[in-house]
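Here's the structure, in structure tokens; my notes come after.
The values are calculated or read from the model by the stated rules, or taken from the named source; none is laboratory data. Just so it is clear, the model here is predicted, and its values are computed rather than measured. As a convention, Cβ positions derive from the backbone with ideal geometry for all residues, glycine included, and neighbour counts pool all protein chains shown. Remember, those area values only see protein heavy atoms, side chains included, never the ligands or the DNA or RNA. Shrake-Rupley method; radii C 1.70, N 1.55, O 1.52, S 1.80 Å.
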Amino acid sequence: MSMNTQGRPTAPAHTGSVSASGSALLPSEPLLFEIGDHDHSGVDLPDVEINEDRLAGLRRKTPLDLPGLTEPEAMRHYVRLSRQNYSIDSGMYPLGSCTMKHNPRLNEKMARLPGFADIHPLQPVSTVQGALGLIEQLGHWLMELTNTAAVAMSPKAGAHGELCGMMAIKAAHEAKGQGHRKVVLVPESAHGTNPATAAFLGYSVKSIDANENGTVDVAAVKAALSDDVAAIMLTNPNTCGLFESQIIEIAQAVHDAGAYFYCDGANFNAIMGVVRPGDLGIDAMHINLHKTFSTPHGGGGPGSGPVVLSEALAPFAPVPFVRRNGETLEMIEHVEGGSFGRLTAFHGQMGMYVRALTYMLSHGKDGLAQAARDAVLNANYIKARLQDLFTAPFNGQPVMHEVLFDDAFLKGTGISTLDFAKAMIDEGFHPMTMYFPLVVHGAMLIEPTESESLHTLDFFIETMRELATDAKAGNAERFTAAPVRAPLRRLDETRAARQPRLKWQGDAQARQAAQ
Ligand SMILES: *Cc1c(COP(=O)(O)O)cnc(C)c1O
């Protein structure tokens, strides 16, 4: 295999099907600093004549060192970068737990209406009555879908919603003189944000084992409950894609012990319009608008994570919130009583609210339930068509909106889950979620969502089957060498996340990188 200077092969190692994304074989894109120089500019400005220096000696003495580029050079750089960015608009995104569904263009159109897009959070409330009305309506439907008593709209992501819900729980315990409760129970399969949230608020986290079916062990919850426990944080459907069928019994036990039930609602897409979490006994639950209600996400934002609260927690909700006073809507910024205070500046993510409400209204009650059912059907279709070649660790019940495989089927092949995922890139697919949840070895978590057609699912399934067959046939090199069709090969993703290099440091940096 011949390589170019970036370590990218100039000829693919095998000649399988052509990438579905169309993004294969794009050259690696240099930084603007590497393309640009000081002699070019995208604009022509007249020379200025400075007669009097008003900078009191603070004038810069060294050049700014910004790269100069012509307009076409700058434009092509960003267009080329954008083509390297895999997106839900260019192909299927089977990332489990992320609910990467289609973002309808109608949502975008509504979010750009000037009355929503061009307002400012410090505007007088009399001038933004329509926007407040939309926040009120969206909150109303979130409470309706979950059968809960209150909603806090301001959290800006799922993790932020967890923080909000747990702060309400903490405030509720303190109001009852139960501030000594310092333990939060978190099942083994939980998303990392759950224990992180509890720890951030000063709680100690007690892990709860799963049973052999992949659901939470009720006996283990009961054994762990005591006067020290403030709450349980439980995800339903859980991150193995399974419905926690004993959730009512768990909620009862938690309440009997004087604790609260925080439900991680990131997987609400599987049950929206079908099951109301309030009926199951939950006290607080965040809803990822950017997952369930189709607002765009990825690349770090924007998100929106409103939290619904039970009657018991409603008095502790944060400010601000919208309140109707006859015909007028008010933004309540201060309240007497239990509210834990302000979670964030301003009122939340207006653009996400508009998109989410548009999605809800365009689907209607029956349409939302249909979307949930289709998401579940699609996941079970993938499971049914892959389970003879892949290994599912929990095979007892049908899955909900996502299907979990482990790496047992790769045993003895010398191929890891990571290698398999990299080979998917060569076939034009974004990989599934890998190594999460932690409860199974080499996890592969696949979530198709409802927005993929049968045709797309079949294409994905055929690709996965071909890869699995080739892996078992002993063609390890295709996997361990992958990706060969991406602009860059294997990157040290952990180091990139832990030690991000955000500043161009000229040639010194290039030399360091070369070492
Ligand atoms: C996505 C997710 C979260 C966190 O939501 P963010 O919006 O990414 O902060 C929490 N729990 C589960 C199960 C998730 O899938």
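Only one of Gly214, Gly161, Gly165 is in contact (Cβ under 8 Å) with a residue 12 or more places away in the chain, of a type outside the set (Asp, Glu), open to solvent by less than 10 Å² (accessible area, probe 1.4 Å) and on the phi > 0 side of the Ramachandran plot. Can you tell me which?
On the way: Gly161 fails: on the phi > 0 side of the Ramachandran plot; Gly165 fails: on the phi > 0 side of the Ramachandran plot.
None of the other options fit; the residue is Gly214.
Among the candidates Leu242, Leu234, single out the residue that is assigned to a loop (DSSP other than H, G, I, E, B) and either under 20 Å from Leu438 (Cβ atoms) or assigned by TED's automatic domain parsing to the domain that holds Thr146 (or both).
On the way: Leu234 fails: assigned to a loop (DSSP other than H, G, I, E, B).
Within the list Leu242, Leu234, the selection yields Leu242.
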Log entry, pairs with first residue in the stretch 422-444 being in the same structural domain as Leu491 (by TED's automatic domain parsing) and surrounded by fewer than 23 Cβ atoms within 10 Å (Cβ to Cβ), second being of a type in the set (Gly, Ala, Ser) and not in a loop (DSSP other than H, G, I, E, B), beta carbons closer than 6 Å, six or more apart or on different chains, reads Pro431/Ala421; Met434/Ala421; Val439/Ala210
Restricted to the stretch 257-303 and to residues being surrounded by fewer than 21 Cβ atoms within 10 Å (Cβ to Cβ) and under 20 Å from Val184 (Cα atoms), the residue nearest to the ligand (Cβ to nearest atom) is Leu280
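Across the stretch 261-283, which residue is nearest to the chain's Cα centre (by Cα) among those that are among the small types (Gly, Ala, Ser) and assigned to a loop (DSSP other than H, G, I, E, B)? Give the derivation first.
Step one: filter the stretch 261-283 for residues among the small types (Gly, Ala, Ser), giving 265-266, 270, 273, 278, 281.
Remaining after also requiring assigned to a loop (DSSP other than H, G, I, E, B): 265-266, 273, 281.
Values: Gly265: 12, Ala266: 8, Gly273: 21, Gly281: 25 Å.
That would be Ala266.
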Pairing a residue in the stretch 462-487 that is in a helix (DSSP H, G or I) with any residue that is surrounded by 15 or more Cβ atoms within 10 Å (Cβ to Cβ) and aromatic (Phe, Trp, Tyr), where Cβ atoms lie under 7 Å and the two sit 6 or more apart in sequence or on different chains, gives Thr463/Phe429; Leu467/Phe420; Ala468/Phe390; Ala468/Phe409; Ala471/Phe420; Ala471/Phe479; Phe479/Phe420
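Filter the helices (runs of 4 or more DSSP H) completely within the stretch 114-228 down to those with at least 2 residues that are among the acidic types (Asp, Glu). Even if it seems obvious, please write down each step before you answer.
Details: elements: 114-117, 129-146, 158-175, 193-200, 218-224.
Passing ranges, in order: 129-146, 158-175.
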Matching residues in the stretch 162-180 (of a type in the set (Gly, Ala, Ser) and either out of contact with any helix residue (DSSP H, G or I) (no Cβ under 9 Å at 6 or more places or on another chain) or at pLDDT below 95 (or both)) number 1
Checked Leu386, Leu410 against criteria (over 19 Å from Asp458 (Cβ atoms) and among the aliphatic types (A, V, I, L, M)); the one match is Leu410
With the first residue restricted to the stretch 190-204 and required to be farther than 18 Å from Gly305 by Cα, and the second required to be part of a loop (DSSP other than H, G, I, E, B), Cβ contacts under 8 Å at 6 or more apart or on different chains are Gly202/Lys182; Tyr203/Lys182; Ser204/Lys182
Here the qualifying pairs (Cβ atoms under 9 Å; residues six or more apart or on different chains; first in the stretch 98-123 and free of Cβ contacts under 8 Å to residues at least 24 places away in the same chain; second outside any loop (DSSP other than H, G, I, E, B) and within 16 Å of the ligand (Cβ to nearest atom)) come out as Arg112/Gly351
